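The values are calculated or read from the model by the stated rules, or taken from the named source; none is laboratory data. Fair warning: this is a prediction, and the values are worked out from it, not measured in the lab. Ideal geometry is used to build each Cβ from the backbone, glycine not excepted, and the neighbour counts take in all protein chains shown. Ligands, DNA and RNA are stripped out before the accessible areas are found, and what is left, the full protein with its side chains, is counted by its heavy atoms. Shrake-Rupley method; radii C 1.70, N 1.55, O 1.52, S 1.80 Å.
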Amino acid sequence: MAIQEQVVAEITRQVIERLRSEIRPAAAPVSETPSTPLRDGVFATVDEAVSAAFEAQKKVGAMSLADRGRMVDIVRRICMDRREELGRMELAETKVGRLDHKILKLTNMRFVLGVEAMRSDARSDTSGLCVIERAPWGVIGMMLPVTHSVPTMASNAINILAAGNTAVFGPHPSGTKVAQYALQLFNREIEREVGVANVLTTILKPSIEAADQIFNHPKIALLCVTGGAAVVKAAAKSGKRVIAGGPGNPPVVVDETADLDNAATCIIAGSAFDNNLLCIGEKEVFVVASVADAFIQAMRRAGAWQLDAAAIDRLTKAAFTFDGDGGGCARAHVKKDLVGKDVAVLASAAGVRVPQQTELLFGETAEDHPFVVEEQMMPFIPVVRVRDVNAAIAASVKAEHGYRHTAIIHTRDAATATRMAQAMNTTLFIHNAASPASLGVGGPGYFSHTIATPTGEGITTPLTFTRERQIVVGNALRII
């Protein structure tokens, strides 16, 4: 098993390296997003956007799975064919993350489940037959995060169209233009090839007021929000069912039995991905003291750059604000200035210079350090020495804050992995692999940018956006 895991990790590393060498994000200027006209799904008001999606859903809901599959294929194809253009636009507008990884996220739309996930079930006994079908909800209101604007929209569009729904999207203000542009591309081709307009809609100028109108519009049947705690709370007040992707702070445990080189490679691959914007990305490491020095050397061999205590202190002051007198991690708040920025930007804030190819900074901290406690979304990962694996698991439970999102362990002891999985009770649990393996990237999972942790649906699929309906026929339609 260890050999297979090493092979998967090496294949993942080679794929990312090949994409990086082909794309070379620093070699060309980032293009600007074109202005958005009012057409192909973009409307001036929420009511117009909802009404258009409502009319389109009548046609989409009546489609065969084959025709829904054609729409799904269009979204996937556009994401693949125009991934570099859309990736550059998103980076130019949001100014967070890495170009090569933004392009890779769009490439990964091929892993999102479409109509192949749809199914019907049946039960029968001597009393008769029951057929269970999956019906669409109707028009779904969807909020997009700034961290993954187009990828979240595209993966959700694949899910909801496969299930027979349409959607009204509310982009984050800092990712609006690229989301509108991609939505128009999707709509234009779907109307041309399938004959239905406005299966995906949005408004020209998103705002808090517009989001509230989407949440409370009578023609919106279901809400799906991906973002911070505030937007999840606002959606929940609507009284509608909410599928919510909330915050995460994924801990990593490295015990004394772990393959340290594999652990370092995996942690760097997951934590450095898109400058640590992924909610599943490794955010803090708890390593058993007996192997801590060896693990730190493994991180250095794998290409991560170690910061000393003084550099970490400078980076902390640049990355956080503090209430009160400026002390205590409970009063720390992440600044937006360094979120999703490149390693070179963080290194400058820390007062050091690092090699150009460096993907991740790391350094030792205390268990209560702000970088451990807060979901910081920067390419720096704190490393905390702990007494033993039991202490590491306890520290992980504390750092994860009960979000029930994601946790990772590197160990050769299956019983230890099981104990941590039970203690964490997270939606995603990864053993001896990088966090993206949980989404089908270098692992057997499937892909989505909405991981519904507060409401419990997990990684969303088309079935997430369906209503279960039953038809019962008494004492009939039996062959035995």
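Its relative contact order, with pairs defined as Cα atoms under 8 Å and 6+ residues apart, puts region 355-457 at 19 percent.
For the chain, the per residue solvent-accessible surface stands at 41 Å², with DNA, RNA and ligands left out and a 1.4 Å probe.
Residues in region 265-282 carry Karplus couplings, in order, of 4, 5, 5, 5, 4, x, 6, 7, 4, 6, 6, 6, 7, 5, 5, 8, x, 4 Hz; the curve used is 6.51 cos²θ - 1.76 cosθ + 1.60 with θ = phi - 60°, and Gly or Pro positions show x. Per residue of region 363-371, in order, report the coupling 6.51 cos²θ - 1.76 cosθ + 1.60 (Karplus, θ = phi - 60°) as ³J(HN,Hα) in whole Hz, putting x for Gly and Pro. After applying 6.51 cos²θ - 1.76 cosθ + 1.60, I find x, 7, 9, 7, 5, 9, 5, x, 5 Hz. The Asp323 and Ser348 beta-carbon pair, evaluated with R₀ = 41 Å, returns a calculated FRET efficiency of approximately 0.95. Shape class for region 298-420, computed from the alpha carbon gyration tensor (a ≥ b ≥ c): oblate, with a/c not under 1.5 and a/b at or below b/c. The calculated FRET efficiency for the pair Ser64 and Ser290, based on their C-beta separation and a Förster distance of 56 Å, comes to about 0.40. Model label points for Leu129 and Asp337, set 7 angstrom from Cα along the Cα-to-Cβ axis, are 6.9 nm apart.
Between region 435-472 and region 254-332, how many Å separate their Cα centres? Region 435-472 and region 254-332 have Cα centres spaced 29 Å from each other. Using the rule -39500 (n - 2.57) for each DSSP H run of four or more residues, divided by the residues of the chain, the 222 nm mean residue ellipticity is -12500 deg cm²/dmol. Only the Cβ atoms of Lys and Arg (+1) and of Asp and Glu (-1) were treated as charged; on that basis the dipole of region 337-475 about its Cα centre amounts to roughly 340 debye.
Toward the positive end of the charge dipole of the chain, with +1 on the Cβ of Lys and Arg and -1 on the Cβ of Asp and Glu, the farthest Cα among Leu183, Cys279, Thr411 is that of Leu183. Expressed as a whole percentage, what fraction of the accessible surface of the chain belongs to carbon and sulfur atoms when a 1.4 Å probe is rolled over the protein heavy atoms? The value for the chain is 53 percent carbon and sulfur by accessible area. The alpha carbon centroids of region 362-396 and region 85-114 are separated by 29 Å.
Phi-derived couplings, Karplus 6.51 cos²θ - 1.76 cosθ + 1.60 at θ = phi - 60°, listed residue by residue for region 389-400: 5, 5, 5, 5, 5, 4, 5, 5, 4, 5, 5, 7 Hz, with x used for Gly and Pro.
Could you point to the label whose value was computed as Cα Rg over 2.2 N^0.38 Å for the structure here, given (1) 1.42; (2) 1.01; (3) 1.33? Only one option fits the structure, namely (2).
Taking a Cβ cut-off of under 11 Å around Ala399, the surrounding Lys, Arg, Asp and Glu residues balance to a net charge of -4, with basic ones at +1 and acidic ones at -1. Step through the table entries Lys58/Lys240; Lys105/Lys398; Lys177/Lys341; Lys59/Lys177; Lys177/Lys336; Lys177/Lys317, compare each Cα-Cα distance with 23 Å, and write down the pairs that go over it. Those over the limit are Lys105/Lys398; Lys59/Lys177; Lys177/Lys317. Dipole of region 35-153 computed with +1 at Lys/Arg Cβ and -1 at Asp/Glu Cβ about the Cα centre; of Val46, Val75, Met109, farthest Cα towards the positive end is Met109.
For Glu284, the residues whose modelled amide H falls within less than 5 Å of its own, excluding neighbours fewer than 5 places apart on the same chain, are Val252.
For the pair Arg300 and Ala229, label points projected 7 Å from Cα toward Cβ lie 3.8 nm apart.
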